[in-house]
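Just below is one structure, and these are the notes that go with it.
The values are calculated or read from the model by the stated rules, or taken from the named source; none is laboratory data. All of these numbers come straight from a predicted model, not from anything done at the bench. Positions of Cβ are backbone-derived with ideal geometry, glycine not excepted, and every protein chain shown enters the neighbour counts.
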Amino acid sequence: MGKAVEFTKINKYFPGVHVLKDISFSVEEGEVHALLGENGAGKSTLLNILHGVYPEYEGEVKLHGKKVHFKDPNQAIVEGRISKVHQETLVVKDLTVGQNITLGYEPLKGRLVDYGKMNKDVNEILKDLDCNFKAEDIAATLTSGQMQMLAIARALYHKSTIISLDEPTASLSQKETEALFKVVQKLKKDGVTIMYVSHRLEEIFQICDRATIMRDGEYICTLDVGKTNRDELIHAMVGRSVAAVASRQKPCRKQDEVVLKVENLTGKGYDHVSFELHKGEILGFFGLVGAGRTETMRAIFGADKRLGGKIYIHGKEVTGSWYSTKALKSGIGLIPEDRKTQGFLTLSSNIDNIAIASLEKYMKGAFMDPKQQRANAERYFKEMDIHPNDPDYLTKNLSGGNQQKVILSRWMSTDADIIIFDEPTKGVDVAAKAEIYRLMEDMLEEGKSIIVVSSELPEVMGLSDRIIIMCEGHINKEFNRDEFKSSDEMLDYAIGGN
Amino acid sequence: MKQLFDKYKREFIVLLATIAMCAIFTIMNSNFLRWSNFLTILQQMVLNSILAVGMMFAIITGGIDLSIGCTFAITGIVVASITVGGGNPIIAIIAGLIVGAVLGAFNGFLVNNLKLQPFIATLGTMSLYRGIAYVVTGGQPVTNVPDSYRNIFNGKMFAGIRYYIIVMIIVFVVAYIILQKTRTGAYLYAVGGNEEAAKLSGVNTVRTKYIAYIICGVCASIAGLVMLASLGSAESTAGTGYETNAIAAAAIGGTRMAGGRGTPFGTFIGGLMLAVLKVGMVVINVDSFWQYVVTGIIIIVASYFEFLQQDVQAFLARRKQA
């Protein structure tokens, strides 16, 4: 078998940073090849070079033995027959599935679009992929798993021989993930080469043949997945051994005092939710995507209106209109699920992103004092080891884990003592995950209380003092730490069992 | 110094272009360099740049305010009626500013509480406010505004500088302080940069956007006050089309149309550039029809600076590494 992709001495610079250093390795035809590394290791940059997003680089890329240098992603798709399925899939929601898949390359009849042929061709591909939606459906009605399939179908429409999947399972449910893996196996059988980027190591062992590991912009090694193990992979990725599993390092600090009490909270997506949060505890919220956890938390933080129910903070009932500014004043902080659209301010530097929720602390009389803001940011940069160590850097240019640390710094700068984490480690690499877990425990030590919403069972089970399982908008079950048994049991409650 | 340059890169480029423009006009007609001509340019830019700085607040939050020309007219009518009727000029001025604040707050209500698109909401109030101006006056101008009022803005200090130049400078300084020194300023940028993220950081986004539209309305009123002082009469048609010039000045000065970025300094330079262009073309006798063509081209070219600047930056970064 030949080589599908060959990288030779790839170098790439961004203003002031050498992001890829002499990367050389190759991917065999028809294999599923994992690309592993922490956030900021250079995986995405390398993929962007391969797919023509960054046309400027040093070194050589060969596809099926032929040297290529794409000017833009379109050329890569059409001439190189190489497609990328994005972390956040790009679909035009108002168009049909068929229009999305053929976008820019619609079959024509004369000068007009031939919709009959379009839908026929697309439906053939969708059927091949075992999809339960049709070319005629509007894209907005698809779930995230189906959108992922749409993106793969688009790659097949362009007869791609190489497909990259960048964190494809990040927003998929268990079932959708399994369906995706089936498709990957099928593509492999058809001779398609797959490059697979994921932070979930279990997945690598499930479907990949070989794995290339990168660290700090350098090539580290390529391992045969069958002949390696989890620890070896992590060690190669991080350069040292880390506890990759969520666990508590410090003693339980749960007290009897109730800091947050919710009674019959009802709104869009959640119904009669009641629970208590104790001081010093980590309360985990587990459930499937769409169980109403995020919606519940947003209502508690005042980001969305609730239709009914009572909220008590430190024993005091919330009255009148309830919005985020008031929530913050009463001591609640929320670290949202989606960093890009809800987390950091896109145009702002790290300093501004850290300071925005606690500006009243950096005043000199009536005016803000930028020096104090900077000093505060520098303190957290040191404490949390954020890379690159530059408070003036735009947050949007950081890697996921470092962005999350900036947002954590934002809330640690406030006086909030009830912190809600919504999917705190989504898209965050192993080392940063461990650090975030450590920071949570530090917060408990300072007398704060934490709610963790997570779809990763090992994370919830490892961290929480108590777990509440939500299903279809209501609380289905509550476990104390000494009652945690199997993840199967938890999952059973999450899908509605009792 | 370098930090200052980094922060105001875009503004400096526009400033350089304006200076280059002045040089060209001077070469074509040396009269351009006279003090009296410089005063003309300043006077020319006053109305537009006061309107533009208000507009900039709305744009920074990701919105826009198309109704400022009408707020401008209504203020003139209200203040003219009070002063012509023998009212105290200071009370008239305060009433004028309140008019701006109320009309601005109504825009804020439409955007915040009814969740209308700012473009559509203020397109509506643009017609609504203009209609009010017509109905109140019956289409007749209010004339013979007393000098006691006019001199407050129109009086000369030294070297032929009129007080309204000082008013303009005060407006810009206050805008600078609000945006750069107060928490409200930080919130304005945050809301424009990413409203959802700002809300989830505990920023009171509703209050912030109200403030932006109120400031925008008040700036329109201040411009209306100045206009009334220099003309001595108020008309319900005053300020028609001024919103587009204000948007142009803000945009040339580097205000990001999608929100989140924009500085008073930049808007000032933007207003200055448009005024230099207008006065300069008169000095070198460009046909008035052609003035529109040239102005249009300059607005387009100036907006292209945004990309030019990124290219230059990338080029410099590459050279640094090589």
*asked:* Taking the conditions exactly as written (in contact (Cβ under 8 Å) with a residue 24 or more places away in the chain, in contact with a Pro (Cβ under 7 Å, 6 or more places away or on another chain) and within 14 Å of chain B (Cβ to nearest Cβ)), does A:D422 satisfy them or not?
replied: yes
*Of the residues that sit in the range A:181-200 and are assigned to a helix (DSSP H, G or I), touching a helix residue (DSSP H, G or I) at 6+ places or on another chain (Cβ under 9 Å) and not aliphatic (A, V, I, L, M), which one is nearest to A:R81 (Cα to Cα)?*
A:K188
_Within the range B:190-207, considering residues that are within 7 Å of another protein chain (Cβ to nearest Cβ) and in a helix (DSSP H, G or I), the one surrounded by the fewest Cβ atoms within 10 Å (Cβ to Cβ)_ = B:E196
*Might you check whether a residue that is within 11 Å of chain B (Cβ to nearest Cβ) and over 23 Å from B:I178 (Cα atoms) occurs anywhere in the range A:342-362?*
yes
_Taking the conditions exactly as written (under 28 Å from A:D488 (Cα atoms), more than 10 Å from chain B (Cβ to nearest Cβ) and either at pLDDT below 90 or in contact with a strand residue (DSSP E or B) (Cβ under 6 Å, 6 or more places away or on another chain) (or both)), does A:E263 satisfy them or not?_
no
_Suppose we filter B:G239, B:G253, B:G262 for residues that are within 14 Å of chain A (Cβ to nearest Cβ), in contact with a helix residue (DSSP H, G or I) (Cβ under 7 Å, 6 or more places away or on another chain) and crowded, with 24+ Cβ neighbours inside 10 Å; which single one remains?_
B:G262
*In the range A:261-291, which residue that is more than 25 Å from B:A198 (Cβ to Cβ) and not in a strand (DSSP E or B) is farthest from the chain's Cα centre (by Cα)?*
A:K279
*asked:* of a type outside the set (A, V, I, L, M), without any contact (Cβ under 8 Å) to a residue 40 or more places away in the chain and within 14 Å of chain A (Cβ to nearest Cβ): is that true of B:G185 in this structure?
replied: yes
*Listed residues A:E203, A:E178; which is without any contact (Cβ under 8 Å) to a residue 12 or more places away in the chain and either within 23 Å of A:G98 (Cβ to Cβ) or not in a loop (DSSP other than H, G, I, E, B) (or both)?*
A:E178
*Filtered residue count, the range A:482-498, keeping only those that are farther than 29 Å from A:K268 by Cβ and buried (at least 17 other Cβ atoms within 10 Å of the Cβ)*: 1
*If you check B:L15 against the conditions, is it more than 18 Å from B:L228 (Cβ to Cβ) and outside any helix (DSSP H, G or I)?*
no
*Counted residues, the range A:65-78 - those being outside any helix (DSSP H, G or I) and surrounded by fewer than 17 Cβ atoms within 10 Å (Cβ to Cβ)*: 6
*If you take the residues in the range B:23-37 that are modelled with pLDDT of 90 or more and among the hydrophobic types (A, V, I, L, M, F, W, C), which one is surrounded by the most Cβ atoms within 10 Å (Cβ to Cβ)?*
B:F25
*Determine which member of the set A:E337, A:E378 is more than 11 Å from every other protein chain (Cβ to nearest Cβ) and of a type in the set (D, E).*
A:E378
*Of all residues in the range A:296-323, which are more than 14 Å from every other protein chain (Cβ to nearest Cβ) and under 23 Å from the mean Cα position of the chain (by Cα)?*
A:T296
*Using the structure shown, decide if A:G42 is in contact with a Leu (Cβ under 6 Å, 6 or more places away or on another chain) and either free of Cβ contacts under 8 Å to residues at least 24 places away in the same chain or at positive phi (or both).*
yes
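One line per residue, one yes/no per condition, for (1) within 14 Å of chain A (Cβ to nearest Cβ); (2) at pLDDT 95 or above; (3) part of a loop (DSSP other than H, G, I, E, B):
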position: B:I152; (1), (2), (3): no, no, no
position: B:Y164; (1), (2), (3): no, no, no
position: B:I169; (1), (2), (3): no, yes, no
position: B:Y176; (1), (2), (3): yes, yes, no
position: B:K209; (1), (2), (3): yes, yes, no
position: B:G224; (1), (2), (3): no, yes, no
*In the range A:154-201, how many are of a type in the set (G, A, S) and either crowded, with 24+ Cβ neighbours inside 10 Å or under 18 Å from the mean Cα position of the chain (by Cα) (or both)?*
6
*Can you spot a residue in the range A:453-475 that is under 17 Å from A:S409 (Cβ atoms) and of a type in the set (D, E)?*
no
